[in-house]
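Note sheet for the following structure.
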Amino acid sequence: MHTSNLPPFFDGRPLPPLQDILAGVHVVEIPMRVKFRGVTSRQSALIHGPAGWAEFAAFMEYGAEEASAWLAAAVEAAWLGYPEPRRTEVPVNATMPAVAAHEVPGVLANYEGEIHEIKIKVAESGQGVDEDIARVAAVRAALPQARLKVDANMGWNHDQAVDALVRMAEFDLVYAEQPVSTAEGLARVREELRRRGVGTLIAADESVRKAADPLRVAQLGAADVLVVKAAPLGGVRRAREVVRAAGLPAVVSSALETSVGIRAGVALAASLDELPFGCGLDTVSLMAADTAAPSLRSRDGVIQVRDVAADEDLLGTWAASPQVTAWWRRRIEECYRVLSDA
């Protein structure tokens, strides 16, 4: 992502040599407890540098241009470290994948302590609005006091989004995340909901992290809340600048990383002036294993801000095959070339 609205990568410092990055790479593949975003196992590259451990986990379908920002974020973490935190703990939401309603209690059982806020995945391919509503209803029944949010990941068109969110208004949603694909579409959905008397806030995710100009959402007045992820925006420092420039309330979310990658999101959340909503950083529970011990997970709705290091035994246990490892090393080389030309 190359835009004049953001500062240069790494505070303007040069990239470390490629061979230094590759020297600290460990590729892992970890199964998921439940399918999430269509993913049943998560591959990623753990990178060790002078400032500590980092994770490069760009989704496999992303090309080098898009994935290069994720590599920049990992290099920032491993070579520069994180900004000073403003808080010692970060409020988080639980996450409910697009499971059948009867599976909701089993997913909730993976979380420790009380759940204050939960984000529910909706608009999954092959599912309908009735299934989404049944899932939201099951979560509301199990957590009558919790704040509920839904995330459609651009899965609806305008009419579907309006219909679903009008029907879901009875559950008192805090916000709906990325109900449609474009910033302009978000603005139209938001306007139509208000016209119908539905006060559900609109949050922008993909319209920020996948956009050539991540500030366009704010400029259009298309959303009430900004969802930011450190890795797709090129690191904690660049993501902080997006939040500052947008002037909207922000939620920090994960990109389905292990605890090493979650540490970057926690660092971003801990560095922001305000956190009015729980962050989507408690996703390690969706995985069957981790790369760090103990895992960076919540208890009673908060994650403690602390350093995280990859565990050598776990890296060995979950080491990817030689073929997968070679693919990720080539991917790092391709992304490095993009960053070198930036």
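Selection of the range 254-271 for residues being buried (at least 23 other Cβ atoms within 10 Å of the Cβ), closer than 15 Å to Val90 by Cα and either in contact with a helix residue (DSSP H, G or I) (Cβ under 7 Å, 6 or more places away or on another chain) or of a type in the set (D, E, K, R) (or both) yields Ser254, Ser259, Ile262, Arg263, Ala264, Ala267, Leu268. Hey, could you check the range 123-182 for residues that are surrounded by fewer than 20 Cβ atoms within 10 Å (Cβ to Cβ) and of a type in the set (Ser, Thr, Tyr) and say which is modelled with the lowest pLDDT? Result: Ser125.
Among the residues of the range 36-69, those identified as of a type in the set (A, V, I, L, M, F, W, C) and surrounded by 20 or more Cβ atoms within 10 Å (Cβ to Cβ) are Ala45, Leu46, Ile47, Trp53, Ala54, Phe56, Ala57, Ala58, Ala67, Ala69.
Being within 22 Å of Gly63 (Cα to Cα) and either crowded, with 17+ Cβ neighbours inside 10 Å or assigned by TED's automatic domain parsing to the domain that holds Asp151 (or both): is that true of Arg209 here? If you could, list the steps in order and put the result at the bottom.
Values: within 22 Å of Gly63 (Cα to Cα): yes; either crowded, with 17+ Cβ neighbours inside 10 Å or assigned by TED's automatic domain parsing to the domain that holds Asp151 (or both): yes.
Considered against the rule, which asks whether it is within 22 Å of Gly63 (Cα to Cα) and either crowded, with 17+ Cβ neighbours inside 10 Å or assigned by TED's automatic domain parsing to the domain that holds Asp151 (or both), Arg209 comes out as yes.
Screening Ala309, Ala293 for residues that are under 14 Å from Ile30 (Cβ atoms) and part of a loop (DSSP other than H, G, I, E, B) leaves exactly one candidate, Ala293.
Taking the residues in the range 134-180 that are in a loop (DSSP other than H, G, I, E, B) and closer than 13 Å to Leu201 by Cα as candidates, determine which candidate is farthest from the chain's Cα centre (by Cα). Step by step, filter the range 134-180, then rank; the result is Asp172. Just checking, how many residues over the range 85-102 are surrounded by 15 or more Cβ atoms within 10 Å (Cβ to Cβ) and under 15 Å from Val34 (Cβ atoms)? Result for the range 85-102: 7. Going through (1) without any contact (Cβ under 8 Å) to a residue 12 or more places away in the chain; (2) in a helix (DSSP H, G or I) one by one, Gly197 falls short only on (2). Of the residues making up the range 181-193, those that are under 12 Å from Asp205 (Cβ atoms) and hydrophobic (A, V, I, L, M, F, W, C) are Ala183, Leu186. Take the residues in the range 293-315 that are surrounded by 22 or more Cβ atoms within 10 Å (Cβ to Cβ) and farther than 23 Å from His116 by Cα; name whichever of them is nearest to the chain's Cα centre (by Cα). Restricting to residues being surrounded by 22 or more Cβ atoms within 10 Å (Cβ to Cβ) and farther than 23 Å from His116 by Cα, the top hit is Val308.
The values are calculated or read from the model by the stated rules, or taken from the named source; none is laboratory data. Predicted model, so just to flag it, every value in this text is computed and none were measured. Counting neighbours? That spans all protein chains shown, and the Cβs are built from the backbone with ideal geometry, glycine included.
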